[in-house]
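In what follows, a single structure is set out as structure tokens and then discussed.
Values in this text are rule-based calculations from the coordinates and carry no lab data. Since we're looking at a predicted model, the values are computed, not measured. Cβ atoms come from the backbone with ideal geometry, glycine included; neighbour counts cover every protein chain shown.
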Amino acid sequence: MKCNGIYTDVNCPLEIEIPKDKYSCLVIDGQGSVAAFGKVALAKTFGYYADRFVHHIQMVGKRFDCIDVTFDQYKDTGTSIKDGMREKRKRRDVPLPSNWNDFLALREQTRPLCLSLW
């Protein structure tokens, strides 16, 4: 099967066979997944979007022992883990932008989204 337009010369298998006696880990490009997942029709806030996105990732990776989602956006700001979690909880009520594609195009604007998915 050909991948959906991103890399036309890459063949993507429909299924990956995972031997039962082996540990498996799915590594997902977080920003690419956000772009592919798109804006959820009913999503009004980052928190609601994060809940739907996490559910989607869990369904995609349900056959794996581990799922790692990576974002190249995160930068160490010198804050503690507690501070980061407080910030994450505050940002769950931030409304989603109306123009999703323009929002994703500017890396500095996607930080609240990345933090709410983290």
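Using the Cβ-Cβ distance between Lys20 and Val60 with R0 set to 22 Å, the FRET efficiency from 1/(1 + (r/R0)^6) comes to roughly 0.65.
Under 5 Å between amide hydrogens, built in the peptide plane, is the criterion, and for Ile28 it picks out Asp68, Val69, Thr70 among residues at least 5 positions away or on other chains. Summing charges over neighbours of Lys20, with a neighbour being any other residue whose Cβ is under 13 Å away from its Cβ, gives -1 when K and R count +1 and D and E count -1.
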